[in-house]
Structures are given as structure tokens and as C-alpha cells.
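Heads up: the structure comes next, in C-alpha cells.
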Amino acid sequence: MKKVIIFKMLLILTLTLTTFSCKKSSSSKNSSRATGWQINSREGGFQYNTNFREQETSPGLVFIEGGTFTKGRVQDDVMHDWNNAPTQQHVQSFYMDETEVTNMMYLEYLDWIKRVYPPADDNFRAIYHGALPDTLVWRNRLGFNEIMTENYLRHPGYGEYPVVGVSWIQAVEFSNWRSDRVNELNLEKAGYLKRDAKVTDVNADSNFNTDTYINAPSQTFGGNEEVIKPAKGNRRNVQVDADGNETNIYATRESGLITPKYRLPTETEWEYAALGLSELRTFNLYRGRKKYPWDGQYTRSGKRKYRGDQLANFKQGKGDYGGIAGWSDDGADITNQVKSYAPNDYGLYDMAGNVAEWVADVYRPIVDDEFNDFNYYRGNIYTKNAINDDGTVKIVTVDDIKYDTLANGKVIARDLPGEIAQVPVDENETYLRTNFDRSNHINFRDGDKSSSRNFETFGDEDEFDEEQQDQQDRETRKMYNSPKHSISRDSLGNIIREYDKNNNRTSLINDEVRVYKGGSWKDREYWLDPAQRRYFPQDMATDYIGFRCAMSRVGSKSKNKTKKKG
């Protein structure tokens, strides 16, 4: 009996201490270590999501834990182009689509554009047409491929096949659109936006953009308060201070609800994810190297149940796009339905075969790891929000849409209504900085004369004018002397195409060519190696290049690792 009483007393004491500890912990979590003031007080003051655990995985993505690896390490270099010399790189953790973007995913994008910017309206026709994939990429002068030209994009039989005929520019625009739609839904679920406004209240003058919501939330959806200030029954986050004023009306970055943007992966991220090196890891080193996204040195499965089956679809030889039907067939003669083959160790499908994929980088044959070996990427162009005379951000309206005519004559919208207009960064951001000194850094240390430490412009340093900038540009063009085709319009608006027929051109490389990675259904086995790299004009499309999206990871490098190191 005495033991029972002692046990009950100890239990009560334990529960009391636990309750006190929890209250103390909760109280300390909501009070500032800087000032001691209360955080998230109903009376107002500093509001912050102190309950945030980690970034949620957004739709379609899988988590890739970052680390160090050797980029550009290939088994063979039969092309002898020496553009993938091995370099050691470190990649931050990120997320990547488990599959390539499919026709059905891209059709959802086209459907949204068609509803919001009806192509029947002359003001918007170019927006929809600029987003359409080029279905004519399937045509072959000595081949019968009209069935794909007419059906591949839209027929349900190809719904889960990777989208092709999409240029790098179109892939970037899809990624931006996807970012807005995911954040729009997140805010709707959290009660910050009217339910189903994304369908019932959206039009060219009233839609959602993530950057606009962060910088000028009251102008989202064209300032429609019924949408951005939904009925009180749905506004779970709104608080009222001591004076009766509403607070926490709009979500901010501090809320943790707004995810980073979908984007194209960098070349380094893509190669790291494709290799799936985690299966070769032993403690803090790799046991070997991999030739393909899967383990082993061959393209056929060695497992007893699937022995001899191809692990990807690719061109096996001249006139052999699938193998002999019934045995060595890889299951596809063109592209194949996503998830038709086993994923790599990260859970990513088709990182070899199916379609090659656009990545974010501008192509250069040189990877300058001596200057940067952390999150390597070539293609930075820094911009900032355009500001009106009254100090507010400049929101693009229907009358402000600007269009660009690409080198192939295709017209695309540079920005869309509801977005914040962007301008290059200037001296206000670059003055006395050591990490960047201009808006456009595509050509930084890319191997030309102007990238040399001995290169200098002549004249007074205080008078660095356009003439000196032109001199640097001329030095760059000596190395990357690519054709420069001209597109213009006459007084009637007809396109005039002028081909560059100069015989002195020495390169196809310029600032508008992008890297693409991975072998496709149209490539030989050699190109399945994730380290191989090729380039293609960013405004053109093919029947063998598609894409998948990535997203940066915020917070911890690893998932669900809360144990503190002592």
C-alpha cells in the first residue's frame, strides 16, 4: 500500500513538472530573446510563425538532400569536346519533380491561360499562342509522323507522356505559373483568400501573383476585397487588437505559408539528382562512381525477375528505337508514359531516356569551379521591382503588356497583368559590393579575354561609358562569335526574317543557348550518362527535349533531423 502511495505521488509530481515545463517552453517560444517582448500577442506587435517545423513538400516534388559530389565525371568522352571536366561541387538540399512535366500538366496551364486571357481577344491572342508547344517538331521530311503532330499533345492516350515541343523560355513561364497556382491554393486553404476565387473570380484584370501578394497584397486580384478579405467565417487568421482594428489580414513570408518558387533546376542540381549517389555512400565517402542513374555499368536489368529488360528507352542502334518486339523491346519507340521504368535512389523517374531535359544554365564549355564550388550556376541576371513616383511597386496592367519577338519569329509576352514590373539592378545595389557589380553576370569568367585578370579598359575609371562597355562586348564576341539572325516588322506588321549568312562565324554559342541534360528516346546510350551536357537555343524546341521543375529548400539541410549535436 505504501509503495502505491509513493508511486502516485511520484506520478503527480512528474505530471506537474511536465506541465510546468511545457508552459515555460511555450511561453519562452513566444517571447523574444532580443527584447523579452511577447511575440504573436493579440494586442498587436511582432507576428511570426514560431510553430514552423519544416518546409512541406509541394505538389509533384520529392526531397533531394544536398551534398558534395564530382560533377562532370564521365566514363567516356568520345566526342572529345572537353566540356565536362570533373569538378567537385556542393549542392544545397532542394526538391525536384519526380517525373517530367507531362502533356496533361501542361494542358492545365494552357487551359488557365485560355480562360484568363481569351485568345479570341486581340489583346491576348499572342499570350496563348506564345505558350503553345510547337507540335510541328514531330515532322520529318522522310518520315510519316503526322499522327504525333496531330495527337501527341492533346490526346488522352498521351496524357501521361512528357510534353515536348516546349522551348526553354516556355518552360520557365510554366514554372512561374505553377508557383502562383500552388501559393494561391495554400493561401486559400489557410483562409487568406476567398474559397474558389481561383476559378470564379479570376480574369485578366483580377488574378493572383506571388510577388505581388508579398509586396502589395491589397492589389492582388485587382484589389478585389471580396477575394483578399474573405467572409469572416473563413478568415481563421485575422485577429482584432485592443482598439478593434484587424491585424494579420495578409499572409507574409514570416507566416511560412508562401513556398519558394518552382523553377528549372540548375545543371549541377540536375546532375546530382540524376546520379542518386546515396546508394553508394558509406559514412562520409562514395564507394565508387556511377555511369547511369541506376547502379551498374549496363542499360539492362540484372535482377532475376526482370533480367535483360531495358532500364530506359533510348535508340539502341541504327534504325532501332525500341528493340525486337516481344523480348528486348524497351516498351517505347518514341517517348513513354512517365513512371514506366524504375526510379533512381532519390525516387526520380526517367532521369535517363524518355526525353532530355532543359536546365537553367546558360551554356559555356568552361565550368569555373575555382571561383565558385557552391550551388554553381551560370545565368544570373539580377533585377528589382519597378517603383512608381509615389513609392509603390508598379503592377503590370492590361495596357502595360509588352511582347518580345524571338529569333524564330514567335511572339511571347514579357510580363502579364498582375505581376510586378522588373528593372535591372543599378548602382544603388551594386556600389562597393564585392560579390556582384552589375545586373547581367552571364559572361562572368567564361574564358574570353574580358574575363582575364589582365584585361582592363583604357580611359578614366570614373568615366566608364557605353563605348568602354561596347569594347568589352566586342572582346566577348571574338570568342563566342555566333550567327545573329534578324527579326523585324514592316509598317503593316509583317515579320521580316533576315538570316545571318556571314562566313566568318566561329561558334554557335551565345547568351541565348541553354544546357540540356540526359539522353532521350532519340539518343544513343552514350548520352544517358548524367554528366554529359549539350546545348540548344533557348527560344527553339524539339521532339526530344522536355523538362521538370525544381524548388529550393529553406531551413535545415536534412529532413526530420531535430536532434541537436552536442
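The values are calculated or read from the model by the stated rules, or taken from the named source; none is laboratory data. Since the structure is predicted, the reported quantities are computational estimates derived from the model, not experimental observations. Glycine gets a Cβ as well: all are built from the backbone with ideal geometry, and neighbour counts include every protein chain shown. What goes into the accessible areas is simple: the full protein's heavy atoms, side chains included, and nothing from ligands, DNA or RNA. Shrake-Rupley method; radii C 1.70, N 1.55, O 1.52, S 1.80 Å.
For region 341-423, the Cβ-based charge dipole about the Cα centre amounts to some 300 debye (Lys, Arg positive; Asp, Glu negative; other atoms uncharged). Residues 42, 438, 141, 181, sorted by accessible area with the largest first, give 141, 42, 438, 181 [1.4 Å probe; ligands and nucleic acids excluded].
Using a/c under 1.5 as the rounded threshold, could you call region 354-437 rounded, prolate or oblate? The axes a ≥ b ≥ c are square roots of the C-alpha gyration tensor eigenvalues, and prolate needs a/b larger than b/c, oblate otherwise.
Details: a/c = 2.77, a/b = 1.23, b/c = 2.25.
Oblate, because a/c is 1.5 or more while a/b does not exceed b/c.
Ranked from largest to smallest solvent-accessible area, with a 1.4 Å probe on the protein heavy atoms, 35, 102, 135 come out as 35, 135, 102. Please label the shape of region 108-225 as rounded, prolate or oblate, based on the square roots a ≥ b ≥ c of the eigenvalues of the alpha-carbon gyration tensor (a/c under 1.5 means rounded; beyond that, a/b larger than b/c means prolate, else oblate). The shape class here is prolate. Placing R0 at 22 angstrom, the Cβ-Cβ distance between residue 374 and residue 57 gives a FRET efficiency of 0.40 after rounding to 0.05. Rolled with a 1.4 Å probe across the full set of protein chains, the surface gives residue 527 an accessible area near 40 Å². Stretching the chain fully between residue 415 and residue 385 yields a gain of 9.5 nm (0.36 nm per residue, less the alpha carbon separation).
As a quick test, which of the pairs 290/318; 114/402; 261/315; 198/261 have an alpha carbon distance above 23 angstrom in this structure? From the list (290/318; 114/402; 261/315; 198/261), the Cα-Cα distance tops 23 Å for 290/318; 261/315. In a fully extended conformation the segment linking residue 325 and residue 408 would gain 25.9 nm over its present Cα-Cα distance, using 0.36 nm per residue.
Note on residue 411: accessible area approximately 40 square angstrom, rounded to 10, probe 1.4 Å, nucleic acids and ligands left out.
Note on residue 38/residue 559: beta-carbon distance plugged into 1/(1 + (r/R0)^6) with R0 of 30 Å gives a FRET efficiency of 0.45. Which of the listed residues, 177, 161, 147, is farthest toward the dipole's positive end in region 130-185, when Lys, Arg count +1 and Asp, Glu count -1 at the beta-carbon? Going by the charge dipole, the pick is 147.
Sorting 48, 535, 516 by accessible area puts them as 48, 535, 516; the probe is 1.4 Å, largest comes first, and only protein heavy atoms count. Once the Cα-Cα distance is subtracted from the 0.36 nm per residue extended length, the residue 366 to residue 441 segment shows a gain of 25.5 nm. Note that region 16-171 carries a Kirkwood radius of 22.1 Å, evaluated over its alpha carbons pair by pair. Counting charges near residue 167 (Lys, Arg +1; Asp, Glu -1) among other residues having Cβ under 10 Å from its Cβ returns a value of -1. Distance between the C-alpha centres of region 128-165 and region 495-551: 19 Å, rounded to the whole angstrom. Rolling a 1.4 Å probe over the protein chains gives residue 80 an accessible area of about 130 Å².
Explain nothing, just the number: dipole magnitude of region 493-566 about its Cα centre with +1 on each Lys and Arg Cβ and -1 on each Asp and Glu Cβ, in debye rounded to the nearest 20. The partial results should precede the final answer.
Values: 17 positive and 9 negative charges, 222 e Å.
Value, rounded to 20: 1060 debye.
Surface exposure of region 68-131, expressed per residue as accessible area with a 1.4 Å probe, stands at 46 Å².
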